[in-house]
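The values are calculated or read from the model by the stated rules, or taken from the named source; none is laboratory data. The structure presented is a predicted model; accordingly, all values stated were derived computationally and were not measured. In this analysis, Cβ positions are derived from the backbone assuming ideal geometry, glycine residues included, and neighbour counts consider all displayed protein chains. These area figures cover heavy atoms from the full protein model, side chains too; ligands, DNA and RNA do not enter into them. Shrake-Rupley method; radii C 1.70, N 1.55, O 1.52, S 1.80 Å.
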Amino acid sequence: MPATPNHVPEPSRTDPALIRNFCIIAHIDHGKSTLADRMLQLTGVVEQRQMRAQYLDRMDIERERGITIKSQAVRLPWAPTHDPGNTHILNMIDTPGHVDFTYEVSRSLAACEGTILLVDAAQGIEAQTLANLYLAMENDLTIIPVLNKIDLPAAQPEKFAEELANLVGCEPGDVLKVSAKTGLGVEALLDKVVREIPAPVGVADAPARAMIFDSVYDSYRGVVTYVRVIDGQLNKRERIRMMSTGATHELLEIGTNSPEMLPADGLGVGEVGYLITGVKDVRQSKVGDTVTSQQKGATEALGGYKDPKPMVFSGLYPLDGSDYPELREALDKLQLNDAALVYEPETSAALGFGFRVGFLGLLHLDVIRERLEREFGLDLIATAPNVVYRVIMEDGSEVVVTNPSEFPEGKIAEVYEPVVRATILAPSEFIGAIMELCQTRRGTMLGMDYLSEDRVEIRYTLPLAEIVFDFFDQLKSKTRGYASLDYEPTGEQSSSLVKVDILLHGDKVDAFSAITHRDQAYAYGVRLVAKLKELIPRQNFEVPVQAAIGSRVIARETIRAIRKDVLAKCYGGDISRKRKLLEKQKEGKKRMKMVGSVEVPQEAFIAVLSSDDSAGPAKGKK
Ligand SMILES: Nc1nc2c(ncn2[C@@H]2O[C@H](COP(=O)(O)OP(=O)(O)OP(=O)(O)O)[C@@H](O)[C@H]2O)c(=O)[nH]1
């Protein structure tokens, strides 16, 4: 239906009074996806026989890890028990739960009038429950507190209903108790959504304004953009404009998800749906941006748009140097679907050609690395993740460092590092252990509150660099898995930071350079030097392994010289055996990298850079 001047498009397809837009916020594993599954089933949008667990988590890796990475929206028709004559349209927006993706959560929240705050009845409130709740409160959303998993024998619904009621400011009796697994209480929850969450309000005849809350790349259809219409309407075939960039596109298709795509003529006030314009890159359709009509469009964008900013950087190198073009292609492809992924080529004397890649956080890093290895069949070495430093030189100039080997030499006045505000929730018996861990990680305590008599919320300011290493693993092990962590960037602080270089036979190995606090530099140097001594085989000459700050050596080990006669073993004249041995030795040599005059086995790099101890990158975990 072309939007010619003679053609007056139909008004909104759904009466806004019958629309409810909501999302589910929860800590990881508290059952959000399972609850979404039950809702799909109860409202009949997915037939029983098509049902599979976590229907909305489409990416393979999401399914395997049981986490939701990209949010999705789905339209559910529901005739509530108290008003069976009126079928309402419930738009459910599934949100990612992990800290790395907080910005996406906040955009999803901005597309809703209300939210279900889902808490596991056996676990209680966790750090991300709180973080998400605060986001919802900032967005003035109606909050429906719900306890899930009440079928579990370990559930303590009474205790946690009280905790939850205290938190949101309602009566414990108002907290709904459901089992997403069995479906118990889920109908009552859908009724409550209709009753309590306000219908969307917008100006129907105003210029169109729709907020993008998600944008995904589909290899067949290009970018699919998910929007919530605030004012006016968007119609098929019209030209639309992205307000942050001014780019215009033709609206090739518009529609809703139930949960498969269902094309429509347009979307009106309060409606949630998808747009397809044929663009091939999600960066042209950014989360948080406002979409309007090209003609007679809105002049003022909806608030809240921000560019995703990478917080953690790591060098990614193909194990086999000839895979470099494939790595570039794979990153290009992933970027189509991930506006937060940034990278640029980098060379390392030790590792060859690779990329310096920026991520939102550790989980993001882990997910990307795994996708590169799994979906694109690449074998990669990832260097230890680091944060971004701002170095002010004595002459007043400024250097932004995303790779430790680029840390400037010379007269440095000050170094700034990013800091986060961390919230840790745990049973009170672990207060001592948590405080000890935070202190050793250069934390400053901000405060502590009791959520109930045996659970506390502890707040710290911590350097992001200290969290990037194995902080979360340490926290989990020191609290027997009971603590949960959430953090948000809060700026930067000036710290006494130095670069520690590792030298092999006098040559700097850039891949092993690290920026650490001055007090930790010595320990880092000693640990790495000892480890390298273990991993690097003896050479024909003596090889000193040193750690240095500038020209000052802080640790040293020596790999003693040997002259290895591989043929000595073969006394007797079996020539074929000798040849075999020589070939084997040649084969081994291929996997060596020359660092200056020293042969370093590939395995040594991998062992040092990806080991589980704190000399290597922390494994990004949930
Ligand atoms: N017993 C029981 N188990 C449940 C219930 N709801 C969810 N689970 C289980 O809890 C685990 C986590 O559920 P998910 O639905 O994947 O959790 P989620 O909150 O979506 O997790 P993320 O997507 O990672 O944020 C799964 O093993 C579910 O089967 C419930 O009501 N009862």
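Inter-label distance, ILE392 to HIS82: 5.9 nm, where each label sits 7 Å from its Cα along the C-beta direction. Normalising the average separation of contacting C-alpha pairs (under 8 angstrom, six or more residues apart) by the number of residues puts the relative contact order of the range 209-293 at 42 percent.
Within the shell defined by Cβ-Cβ distances under 10 Å, the residues around GLU394 carry a net charge of -1, with Lys and Arg each +1 and Asp and Glu each -1. Indicate the gyration tensor shape class of the range 175-224 (rounded, prolate or oblate), computed on the Cα atoms with a ≥ b ≥ c the square roots of the eigenvalues: a/c under 1.5 is rounded; otherwise a/b larger than b/c is prolate and the rest oblate. In terms of gyration-tensor shape, oblate. Relative contact order, whole percent, for the range 465-528 stands at 22, derived from Cα pairs under 8 Å and 6 or more residues apart.
Using a cutoff of 8 angstrom between alpha carbon atoms and counting only pairs six or more residues apart, the relative contact order for the range 312-381 works out to 45 percent. Comparing Cα centroids, the range 231-277 and the range 383-414 end up 45 angstrom apart.
A cut-off under 13 angstrom between Cβ atoms defines the neighbours of GLU138, and their net charge, with Lys, Arg +1 and Asp, Glu -1, is -1.
For the range 390-495, the carbon plus sulfur part of the accessible surface works out to 48%, probe radius 1.4 Å.
The translational diffusion coefficient of the range 509-549, from Stokes-Einstein at 25 °C and 0.890 mPa s with a Kirkwood hydrodynamic radius over alpha carbon pairs, comes to 217 µm²/s.
Summing +1 for each Lys or Arg and -1 for each Asp or Glu among the other residues whose beta-carbon sits under 11 angstrom from that of THR290 gives +1. Reducing the range 121-179 and the range 428-470 to their Cα centroids gives an inter-centroid distance of 23 Å.
Ligands, DNA and RNA left out, the accessible area of the range 312-381 computed with a 1.4 Å probe is 50% carbon and sulfur.
Applying both filters, DSSP loop and at most 12 other Cβ atoms within 10 Å, to the GluC sites (Glu not before Pro) of the range 342-403 gives GLU394. Note that the range 338-380 shows a convex hull volume over its alpha carbon atoms of 80 Å³ per residue.
Can you tell me how the range 390-495 classifies by the Cα gyration tensor, rounded, prolate or oblate, using a/c under 1.5 as the rounded cut? Since a/c reaches 1.5 and a/b is larger than b/c, the shape of the range 390-495 is classed as prolate. Rounded to the nearest 0.05, the FRET efficiency derived from the C-beta distance between GLU162 and GLU326 at R0 = 51 Å is 0.40. Accessible area per residue for the range 390-495, computed on protein heavy atoms with a 1.4 Å probe, is 45 Å². Just check the range 112-164 against the gyration tensor rule for me: Cα atoms, a ≥ b ≥ c as the square roots of the eigenvalues, rounded for a/c under 1.5, and otherwise prolate or oblate depending on whether a/b exceeds b/c. Prolate shape, in that a/c is at least 1.5 and a/b is the bigger ratio. Ratio of Rg to Rh for the range 209-293: 0.91 [Cα atoms; Kirkwood radius as inverse mean 1/r over pairs]. Straight-distance candidates among the aspartates and glutamates for linking to LYS181, with alpha-carbon spacing under 14 Å and chain neighbours fewer than 8 residues away dropped: ASP29, ASP37, ASP120, ASP151. Over 23 Å apart at the Cα level, from the set LYS411/LYS531; LYS309/LYS478; LYS286/LYS333; LYS159/LYS478, are LYS411/LYS531; LYS309/LYS478; LYS159/LYS478. Taking each residue as 0.36 nm, the span from ARG560 to LYS411 lengthens on full extension beyond its C-alpha to C-alpha distance by 50.0 nm.
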